[in-house]
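Here is the structure we will look at, set down as structure tokens.
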Amino acid sequence: MSNKMWGGRFAEAPDAIMEEINASIGFDQRLYRQDIAGSKAHATMLAATGILTQTDRDAILAGLDEVLAEIEGGQFKFSRALEDIHMNVESRLREKIGDAAGRLHTARSRNDQVATDFRLYVRDYIDTLVGQVRGLQLALVDRAEDEAETIMPGFTHLQNAQPVTFGHHLLAYVEMLGRDAGRLEDARKRLNENPLGSAALAGTPYPIDRTMTTEALGFDRPTANSLDAVSDRDFILETLAAASICAMHLSRFAEEMVIWSSAQFGFVKLSDKFTTGSSIMPQKRNPDAAELVRAKIGRILGALTSLLVVMKGLPLAYSKDMQEDKEVAFDALDALSLSLAAMTGMVKDMMPNRERMHASASAGFSTATDVADWLVRELNIPFRDAHHITGQIVSLAEQKNCGLEGLTIEDFKLIDHRIDSRIHKVITVEASVAARKSYGGTAPANVLEQAARWKSALTGEQHEARALKARKHGGHGDGGVE
Ligand code: ARG
């Protein structure tokens with residue numbers, strides 16, 4: 001009646017509630033590929049070091065392949081009584097190959113096993129996410145090129161501030177996403193150490209070769225402290241921190257999509273594919289996808305918070321508390337992945353309304369700074385005074401109920417007689433954005449330059465990623481950790 005895997009000293013089976021609170025198979029079955037790849041690397045190493053016979057190794061490897069095929073074919077029956085993915089796989093292996101299966105767990109523990117599996121899983125997920133981030137960047141760069149000359153209002157405090165180009169606005173997100181990809185890649189570098197062989201917490205007396213499993217599983221090096229290795233979850237915390245920042249960026253962008261697509265703004269129209277209708281108001285087109293992307297940060301940051309709280313105050317080494325790492329992490333990574341996909345779709349499909357943006361950019365005296373700058377540049381007036389004079393010009397336009405371009409040269413001279421007709425050239429929104437050629441500024445020429453820089457960086461990276469993938473497939477025969 002007691003557990004077959006560890007129940008030697010137990011007379012009774014666990015209570016039903018115990019089984020329910022203890023089991024992780026409901027969610028950790030996701031780790032099956034990593035678990036089997038780890039077991040294959042371990043068995044191969046055990047045989048190479050003489051801990052396991054070649055015959056047992058061959059039986060184990062062949063059996064594990066069969067188990068993998070069963071899981072992938074959907075025939076595998078996961079059992080809650082067997083708690084987790086590790087014991088589910090091993091128990092099925094035993095049914096298939098008999099006693100040799102019992103030797104697989106020599107010189108390891110579920111503690112180093114789960115640390116290994118989860119690292120491999122997160123590593124793969126990071127690669128997926130980085131690829132998605134790069135895809136979204138590329139979509140944004142494409143749109144930025146088309147919209148390099150499109151003029152929209154730039155905001156501070158969500159008030160019209162100065163005209164900017166829509167392409168420049170889109171490229172701002174390309175920069176943010178570039179840092180997001182960098183943070184994920186950075187987390188991956190520290191993550192890529194092999195805990196396998198740390199055993200339960202203290203290492204093992206068997207003459208194992210950790211370099212061998214390290215190479216087989218594509219890790220950079222073995223972890224150097226067994227206590228740390230089985231109780232460390234920094235790798236997922238770092239990934240969730242990077243994911244939270246990325247989700248925050250997506251949330252800001254999503255919010256802009258929501259605002260821009262409202263009737264009041266009308267800057268962009270979102271496609272049918274990424275909006276929904278209302279069951280009562282026939283005219284409606286709701287930006288649901290953008291709204292949901294705006295919200296996903298909640299659960300992603302929630303996962304980071306939840307896991308930090310789980311880990312705080314835990315004594316070394318492994319405690320079962322740490323089993324709480326996976327559900328929230330899976331949910332958060334899935335949410336980010338889905339958000340990136342939805343955002344990419346929306347960006348590719350969105351239809352900007354250039355006329356609306358242009359009209360809105362001209363409103364609110366948005367080129368007042370250009371007037372002040374002209375007074376400084378052409379009339380050598382100190383900026384503070386120029387600022388004051390321009391304020392009076394704005395006030396006059398307000399009284400006359402027109403924009404700055406509606407003022408005549410006589411109007412300008414009324415405020416300051418030194419002003420001449422050249423002023424008319426600088427108060428257009430076109431002149432305003434074209435003038436902002438300082439590095440990183442909004443001028444259309446800059447946008448095209450930055451877009452080109454990103455494009456070559458991103459397409460170069462895609463080539464590299466494909467080449468790396470091809471090499472990985474060639475190098476690691478079992479491909480189990482792809
Ligand atoms: N299911 C466990 C987890 O996810 C695996 C490790 C169990 N280790 C143990 N000593 N009970 O953390």
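The values are calculated or read from the model by the stated rules, or taken from the named source; none is laboratory data. If you're wondering where the values come from, they're calculated on a predicted model, not measured in any experiment. Using ideal geometry, Cβ is built from the backbone for each residue, glycine included, and neighbour counts are taken over all protein chains shown. Surface accessibility is based on the protein's heavy atoms, side chains included, excluding ligands, DNA and RNA. Shrake-Rupley method; radii C 1.70, N 1.55, O 1.52, S 1.80 Å.
Which trypsin sites (Lys or Arg not before Pro) from segment 294-335 combine a DSSP loop assignment with at most 14 other Cβ atoms within 10 Å? Let's see the in-between values first.
Values: sites: ARG294, LYS296, ARG299, LYS312, LYS320, LYS326; in loops: LYS312.
Sites meeting the loop and neighbour criteria: LYS312.
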Select from ALA13, GLY441, GLY98 the residue farthest towards the positive end of the dipole of the chain; place +1 on Cβ of Lys and Arg, -1 on Cβ of Asp and Glu, and compute about the Cα centre. GLY441
So the carbon and sulfur contribution to the accessible area of segment 335-412, 1.4 Å probe, in percent, is 52
Top positive-direction residue, dipole computed over segment 185-344 with Cβ charges, set PRO205, PHE274, VAL230: PHE274
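Give me the dipole magnitude in Debye, nearest 20, for segment 44-191 about the Cα centre, with unit charges on the beta carbon: positive for Lys and Arg, negative for Asp and Glu.
So the dipole magnitude of segment 44-191 works out to roughly 620 debye.
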Please determine, in degrees from 0 to 90 and to the nearest 10, the orientation of helix 54-72 with respect to the longest principal axis defined by the Cα atoms of the chain, where the helix direction is its Cα long axis. 50
Using the alpha-carbon atoms, what tilt in degrees (0 to 90, nearest 10) does helix 234-260 show relative to the longest principal axis of the chain? 30
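Assign unit charges at the C-beta atoms only (+1 for Lys and Arg, -1 for Asp and Glu), then state the dipole size of the chain relative to its Cα centre in Debye, rounded to the nearest 20.
Values: 55 positive and 67 negative charges, 77 e Å.
For this selection, approximately 380 debye.
With a cut-off of at most 13 other beta carbons within 10 Å, and DSSP calling the residue loop, which GluC sites (Glu not before Pro) in segment 1-54 qualify? Please list them.
Details: sites: GLU12, GLU19, GLU20; in loops: GLU12.
Hits after loop and neighbour filter: GLU12.
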Report the dimensions of the chain along its three principal axes from the alpha-carbon atoms, largest first, rounded to Å. 100, 50, 41
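Just want to confirm a number: the relative contact order over segment 45-199, from Cα pairs under 8 angstrom separated by 6+ residues, in percent.
Working: 130 pairs, mean separation 36.6, N = 155.
Worked out over segment 45-199, it gives 24 percent.
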Please give the Cα centre distance for segment 146-188 versus segment 205-278, rounded to the nearest Å. 21
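With an 8 Å Cα cut-off and a minimum separation of 6 or more residues, compute the relative contact order for segment 291-392 in percent. Could you put the intermediate results ahead of the total?
Values: 44 pairs, mean separation 22.8, N = 102.
After rounding, I find 22 percent.
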Beta bridges per DSSP with both ends in the chain, % antiparallel, nearest 5: 80
Measuring from a point 7 Å past the Cα of ASP58 along Cα-to-C-beta, which residues in segment 95-118 have an amide N at less than 17 Å? 97-101
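Just want to confirm a number: the relative contact order over the chain, from Cα pairs under 8 angstrom separated by 6+ residues, in percent. Show your work: numbers first, answer last.
Details: 670 pairs, mean separation 83.7, N = 482.
After rounding, I find 17 percent.
Given only helices, namely DSSP H runs of n ≥ 4 each adding -39500 (n - 2.57), what is the per-residue ellipticity at 222 nm of the chain, to the nearest 500 deg cm²/dmol? Intermediate results must be reported in sequence, preceding the final value.
Details: 19 runs with 300 residues, N = 482.
Value at 222 nm, helices only, nearest 500: -20500 deg cm²/dmol.
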Given charges at beta-carbon only (K, R positive; D, E negative), |dipole| of segment 203-244 in Debye: 80
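Rounded to the nearest whole Å², what accessible area per residue is found for segment 341-430 with the 1.4 Å probe?
Working: 4790 Å² over 90 residues.
Using a 1.4 Å probe on heavy atoms only, each residue of segment 341-430 averages 53 Å².
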In a shell of Cβ-Cβ distance under 10 Å around PHE166, excluding PHE166 itself, what net charge do Lys and Arg (+1) and Asp and Glu (-1) give? -1
